[in-house]
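A quick write-up on the structure given underneath.
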């Protein structure tokens, strides 16, 4: 029997999805599962998206250009210009979600054994894309105590080798919610220029800012047109994860030309998501203010309640809709699975993503979980109460197991 | 300035799409372009697909499971069972077109420097997927004179090394239209079992059979459950290329598990294409008979007219909707570009895909083109008349250039 590839074995399981079978079993037993494991917003996809689909007048659903539908790229560029980022429609390549954008950019800029520096905890799938391209992830630790801020410049300098080709950050950050300041981006700019590195920035959460904070896009860094590659998506901004429409945004034409060849090999991104999605760029301030107010309310509820649980610590995220919390457990993989397999409170349990999968350094973050606050405040309150009760019960179980 | 990766440079341009800029210029000059370059059917996507979209009652367009929507996989398995291929919904992984399926399967089964044997001319993007995974394509020549039939078993035996992990065929074939017989599949079975190889078969055109021919699926080969990986898509069968919904179909659970990890890294295939697409599996014999009759008519017109042009030779394809034709030119890349840049007949020109990009052996197929017969018979007749006139004019130009 032919064997699976080494790469197929090395590919990490998604920490966000690997416990799904346990959640399915819990649901079959009649237990309600609060999904805090996945960044799947519960907010509605705007009506304009659905209206466009209802009123389509197309006979044949054709391939679109490999870099996306021209009118979609025009509308997308218009949105960028309105938020103060001067880019042109020709600076975009439309992809199947930001996932494909990251994958194409990594392969276009890095060869096998090349290195990419990523502060950790990091979005787990970055490790997956790197593994698929046989690219080495060089993690730089950030700490919960420090709110997961950018590590000192010396940490980057120490990590850079002749094989280093890029630094990747997610801003605001998934999984930590940390919002990088303009000063931190300027620091990264200096490092990248000094060492001739790409600066990859995943900005899919750029509107999700709390407490009056402001966002600084890497595309507005001076003298970095050749270095900056930004990743974007309509998934989170418009609650349209299933559309799978993302983008590479860069003024570096050589990178776009290389990425286009990967894009041509897969022919085109899907057409429906773009056709309906382009309507969403007409949404005005009211739309964004509405969603930000909702997520800020959720964040405030969640962070307060989490920090009230004995032994739990969670920094206050400045953006996105995730937080990484330390729990009073030794192994959050075990705890998260236990919550699904063995625990319920008032007929419900909580699904979280064990943070270990967001670290590329072995054994880091073993007591942490990533929580996505994608439920309304009421459900979120119930979910965190459930987590609190679970932690209490789990502590007893652990003691019992130690005694026996 | 940071450099593009070696892989980004090595990625081939798509021979199907690389001449698009020249076609765009021709169109801007008011010249009509007959697109015989791309397998984009002009037939309508069935009404059931559009009706489903018009009647959607969904609030939030969510991610779906990484291996696809359960009801879609159920319906898909039902279609397989009805055409005599016993597979279960759990044997499918739904992907963004067959493109992603091929890419995931290659990475799940082959490591860097491993080898995959593919009869050539081959679907150009196979070379792209292999390049992306740093996998070596070992081409085995087939010949136009022989109608592009499977080469003798000795050719395979000679090509197999310790690094060989898989044989890949497309059946019926893109670009040649060749339909592999049951006997040829049994030959491949024997080779794969003897050398412990995967048999990858791209069956996206399995309904497109002409002259009463029948199709034998690799999934019905005995004793090959661990070896056979089939690729499928709704793009061609239902004229829904822009939906980007394909699949890996295999009974090898280890391969599916590895592919699922690549799938988890990109979260999920798009939801809309599956939601609307699952309606299409209810289409009955009438639908298939209608499209097959239409394509057979086109094939008959095209092959007859092509072979009537002096110096042109085109075998009669048994399936799919492509043919590879030899033209009386030295360099079809130059000729195809010239047709777009410098030629028109009755206000129109023809866009074809130069066959060089479908060969992995340098300089093979330089006098050949791939033609997709995805236009109605009237347009096809006009397009081939235009090609005939273009060849006449081109011969004069070539002579003039030789003289000057």
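The values are calculated or read from the model by the stated rules, or taken from the named source; none is laboratory data. Keep in mind that what you see is a predicted model, and the values were worked out from it rather than measured. Cβ sites come from the backbone with ideal geometry, for glycine too, and all protein chains shown count toward neighbours.
When you look at residue A:91, is it surrounded by 14 or more Cβ atoms within 10 Å (Cβ to Cβ) and either facing another protein chain (nearest Cβ under 7 Å) or free of Cβ contacts under 8 Å to residues at least 12 places away in the same chain (or both), yes or no?
Spelling it out, it is not the case that residue A:91 is surrounded by 14 or more Cβ atoms within 10 Å (Cβ to Cβ) and either facing another protein chain (nearest Cβ under 7 Å) or free of Cβ contacts under 8 Å to residues at least 12 places away in the same chain (or both).
Would you confirm, using the coordinates I've provided, whether residue A:26 is in the same structural domain as residue A:339 (by TED's automatic domain parsing) and touching a residue at least 24 places away in the same chain (Cβ under 8 Å)?
Spelling it out, residue A:26 is indeed in the same structural domain as residue A:339 (by TED's automatic domain parsing) and touching a residue at least 24 places away in the same chain (Cβ under 8 Å).
Could you go through the range B:203-219 and let me know if any residue there is part of a strand (DSSP E or B), in contact (Cβ under 8 Å) with a residue 12 or more places away in the chain and within 27 Å of residue B:258 (Cα to Cα).
Here is the first cut: in the range B:203-219, the ones part of a strand (DSSP E or B) are B:209.
Pick out the ones that are also in contact (Cβ under 8 Å) with a residue 12 or more places away in the chain and you get B:209.
Then drop every residue that is not within 27 Å of residue B:258 (Cα to Cα), which leaves none.
No.
Which residues, counting only those in the range B:100-124, are at the interface with chain A (Cβ under 8 Å from one of its Cβ atoms), in contact with a helix residue (DSSP H, G or I) (Cβ under 7 Å, 6 or more places away or on another chain) and surrounded by 24 or more Cβ atoms within 10 Å (Cβ to Cβ)?
Once the filter is applied, which keeps residues that are at the interface with chain A (Cβ under 8 Å from one of its Cβ atoms), in contact with a helix residue (DSSP H, G or I) (Cβ under 7 Å, 6 or more places away or on another chain) and surrounded by 24 or more Cβ atoms within 10 Å (Cβ to Cβ), the range B:100-124 yields B:103, B:107, B:108, B:109.
In the list A:59, A:75, A:27, which residue meets the criterion of being within 8 Å of another protein chain (Cβ to nearest Cβ) and either in a helix (DSSP H, G or I) or over 30 Å from residue A:134 (Cα atoms) (or both)?
Just a single option satisfies the conditions, and that option is A:59.
For the range B:231-247, what are the residues that are within 20 Å of residue B:287 (Cα to Cα), in contact (Cβ under 8 Å) with a residue 60 or more places away in the chain and part of a loop (DSSP other than H, G, I, E, B)?
Listed by number, the residues that qualify are B:235, B:236, B:238, B:239, B:240, B:245.
Residue by residue, here is whether (1) in contact with a helix residue (DSSP H, G or I) (Cβ under 8 Å, 6 or more places away or on another chain); (2) without any contact (Cβ under 8 Å) to a residue 12 or more places away in the chain; (3) within 30 Å of residue A:360 (Cα to Cα) holds:
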| residue | (1), (2), (3) |
| --- | --- |
| A:17 | yes, no, yes |
| A:22 | yes, no, yes |
| A:30 | no, no, no |
| A:61 | yes, no, no |
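State the number of residues belonging to the range A:136-165 that are in contact (Cβ under 8 Å) with a residue 24 or more places away in the chain and over 21 Å from residue A:320 (Cβ atoms).
Residues that pass the stated criteria total 11.
Which residue, of A:185, A:199, A:179, is in a loop (DSSP other than H, G, I, E, B) and assigned by TED's automatic domain parsing to the domain that holds residue A:130?
On the way: A:185 fails: in a loop (DSSP other than H, G, I, E, B); A:199 fails: in a loop (DSSP other than H, G, I, E, B).
Unique residue meeting the criteria: A:179.
Can you tell me which of A:223, A:311 is outside any helix (DSSP H, G or I), surrounded by fewer than 24 Cβ atoms within 10 Å (Cβ to Cβ), in contact with a helix residue (DSSP H, G or I) (Cβ under 8 Å, 6 or more places away or on another chain) and away from chain B (no Cβ under 14 Å)?
The unique qualifying residue is A:311.
How many residues does the range A:248-267 hold that are more than 7 Å from chain B (Cβ to nearest Cβ) and either within 25 Å of residue B:232 (Cα to Cα) or assigned to a helix (DSSP H, G or I) (or both)?
Result for the range A:248-267: 6.
For the range A:376-404, what are the residues that are part of a helix (DSSP H, G or I) and under 21 Å from the mean Cα position of the chain (by Cα)?
We begin by selecting, within the range A:376-404, every residue part of a helix (DSSP H, G or I); these are A:377-403.
If the condition is that a residue be part of a helix (DSSP H, G or I) and under 21 Å from the mean Cα position of the chain (by Cα), then A:380 is the only one that fits.
Within the range B:40-56, is there a residue that is crowded, with 24+ Cβ neighbours inside 10 Å and under 16 Å from residue B:203 (Cα atoms)?
no
Across the range A:340-375, what is the total count of residues that are more than 21 Å from residue A:298 (Cα to Cα) and in a loop (DSSP other than H, G, I, E, B)?
13
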